[in-house]
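Student: The structure that follows is given in the form of structure tokens.
Read the figures in this text as sums done on the coordinates, not as results from a lab. All figures in this text were calculated on a predicted structure; none of them were measured in a lab. We place every Cβ from the backbone using ideal geometry, glycine too, and count neighbours over all the protein chains shown.
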Amino acid sequence: MTPPLGLAEEIYRRASDARRVVSSHARKTPLDYSSTFSKMSGSQVYLKYENLQKTGSFKVRGAIYKVSRLSASVKGVVTASAGNHAQGVSYAASLYGIRATIVMPSTASISKIEATRGYGAEVILHGANYNEAEEKALEIARKRGYELVHPFDDMDVIAGQGTIGFEILEDLPGVETVVVPVGGGGLISGIASVIKRLKPSVKVIGVEPENVPKFTASLKEGGIVEVEARPTIADGLAVKRPGKIAFDIVSELVDDIITVSEEEIAEAMYLLLERGKVLAEGAGAAAPAAVISGKVNAGGRKLVALVSGGNVDLTAIYRLLLRGLARAGRIASMRGYVPDVPGTLSKISGVIASMGGNIVEVIHERTDMRAPAWHTALRLVVEVPSKRRAREILEELGKRGYSFELEE
Ligand SMILES: Cc1ncc(COP(=O)(O)O)c(C=O)c1O
């Protein structure tokens with residue numbers, strides 16, 4: 001077996017070669033200082049925006065390099081993926097005029113299926129999860145003689161992701177810490193192999209969801225172990241076991257792997273959107289989450305957090321925004337019992353409007369048997385300027401005989 005250092009050296013060599021290929025088909029994504037996140041974290045925080053990459057994530061880099069290295073006689077490529085890798089491979093294959101078949105689990109989101117088809121691949125929906133889709137992809141590879149493109153456990157795919165490392169060092173030579181999300185580990189392996197080779201003093205830190213802590217568990221065990229995958233908003237990181245190559249590279253080169261909670265990821269997605277106008281998917285917000293939560297702190301020095309992707313369903317964003325607004329006290333849910341007579345609602349809404357509240361939902365719960373006679377339960381969801389204003393509205397309604405309580 002190749003010793004780990006040889007492996008990193010080989011990845012570095014291929015990543016140097018990948019730069020030329022990747023840069024002619026993918027974007028050099030921006031790396032910008034974030035004053036908001038710097039203030040919140042006490043480090044000088046820079047974000048690198050792979051959510052602005054072609055296909056919406058960094059995955060296209062590895063796919064382009066991998067496909068560019070296939071022999072001219074290849075009949076086609078096949079892979080299994082529910083997300084970003086599917087779009088990356090579909091796009092890369094179309095660049096080189098190669099047939100691509102992507103097996104997606106039938107649970108994959110409509111928008112990702114449509115995007116993958118949109119780049120030209122044949123999409124086959126099969127199985128209830130990634131593993132079942134992967135079996136089908138292997139069968140297709142065998143039957144049709146197609147080349148299988150693994151999402152992370154592949155030297156060329158890893159080298160393609162490593163091109164991000166060159167861009168970071170080029171744009172921010174004084175960087176001291178780089179924070180990267182970790183799924184199967186292809187992304188961090190590529191970046192660490194490049195950065196540690198060119199500037200070994202830079203710390204490389206991986207971030208994975210608390211709900212799928214495969215690297216944390218495997219490093220503790222000293223060998224690859226499989227963990228249970230509890231649901232996570234960072235679906236791109238929901239891989240149960242580290243890749244083989246990645247495990248060797250991470251053991252050797254990565255300074256630390258830390259975990260973030262679902263709340264921390266959701267909060268980071270919300271802040272990125274509200275303050276930074278940046279749309280990140282769950283996996284894409286994991287590295288910023290580690291910084292905002294204070295779990296990674298570069299002590300006032302320069303740190304880069306990778307926003308690795310932005311492919312997220314708008315319905316998920318809608319739910320996230322509602323929760324975030326409620327947490328920030330900008331949406332108040334109030335409930336009370338009010339007389340069930342004409343005009344009540346108009347009086348109540350008049351008070352709310354005069355105090356700057358905007359009613360977005362009205363629910364009469366007439367089946368609530370706890371309501372006094374001739375009363376109905378009324379629940380109002382109201383946009384308010386602040387938590388304090390919501391309390392003032394309740395006080396004012398109370399003075400007029402309408403007793404409401406704020407629901408948490
Ligand atoms: C947006 C995003 N970030 C990070 C990752 C993790 O990449 P890797 O599996 O190479 O660790 C993925 C993987 O799908 C992803 O889609």
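Student: Could you tell me the calculated FRET efficiency between residue 335 and residue 301, based on Cβ-Cβ distance and R0 = 41 angstrom, to the nearest 0.05?
Tutor: With a Förster radius of 41 Å, E is 0.25.
Student: What is the antiparallel percent of DSSP beta bridges lying wholly in the chain, to the nearest 5?
Tutor: The answer is about 45 percent antiparallel.
Student: Going toward the positive end of the dipole of the chain, with +1 on Lys and Arg Cβ and -1 on Asp and Glu Cβ, which of 305, 21, 318 do you reach last?
Tutor: 21
Student: Excluding residues on the same chain fewer than 8 positions from residue 54, give the lysines whose Cα lies under 21 Å from its Cα.
Tutor: Cα-Cα hits under 21 Å: 28, 66, 112, 277.
Student: Here's something else I'd like to know. Where does each of 70-80, 358-368 land if you order them by average Cβ count within 10 Å, highest first? All intermediate terms of the calculation are to be shown ahead of the outcome.
Tutor: Details: 70-80: 17.1, 358-368: 12.0.
Peptide ranking by packing, descending: 70-80, 358-368.
Student: If you find the alpha carbon centre of region 247-294 and of region 178-203, how far apart are they in angstrom?
Tutor: 15
Student: Considering the options 137, 118, 76, tell which one lies farthest towards the positive end of the dipole of region 75-145, charges being +1 on Lys and Arg and -1 on Asp and Glu at the Cβ, about the Cα centre.
Tutor: Looking along the dipole axis, the top candidate is 76.
Student: Specify the residue with the greatest mean-square fluctuation among 155, 369, 334, computed from a Gaussian network of the chain linking alpha-carbon atoms under 10 Å apart.
Tutor: Most flexible of the set in this elastic network: 369.
Student: For the pair residue 316 and residue 23, what calculated FRET efficiency results from E = 1/(1 + (r/R0)^6), where r is the Cβ-Cβ distance and R0 = 25 Å, to the nearest 0.05?
Tutor: Working from the Cβ atoms, E equals 0.20.
Student: Testing the spin-label approximation: label points 7 Å from Cα along Cα→Cβ at residue 345 and residue 111. State their distance in nm.
Tutor: Here the answer is 3.2 nm between the modelled labels.
Student: Let's see if you can work this out: charge +1 on each Lys and Arg Cβ, -1 on each Asp and Glu Cβ, no other charges. What is the dipole magnitude of the chain about its Cα centre, in debye to the nearest 20?
Tutor: In total the dipole reaches around 820 debye.
Student: For residue 261 and residue 370, calculate 0.36 nm times their separation in residues minus their Cα-Cα distance, and state this gained length in nm to one decimal.
Tutor: 35.4 nm
Student: Determine the calculated [θ] at 222 nm for the chain from helices alone, applying -39500 (n - 2.57) to every DSSP H run no shorter than 4 residues and normalising by the residue count; nearest 500 deg cm²/dmol.
Tutor: Per the formula, -14000 deg cm²/dmol.
Student: Taking the Cβ of residue 329 as the centre, find all other residues whose Cβ is under 15 Å away and add up their charges (Lys, Arg: +1; Asp, Glu: -1).
Tutor: Here the charged neighbours net out to +1.
Student: Ok, one more. Under 24 Å from the Cα of residue 214, which lysines turn up, not counting those fewer than eight places away in the same chain?
Tutor: Once the sequence-local lysines are set aside, what remains near residue 214 is 59, 196, 203, 240, 244, 295.
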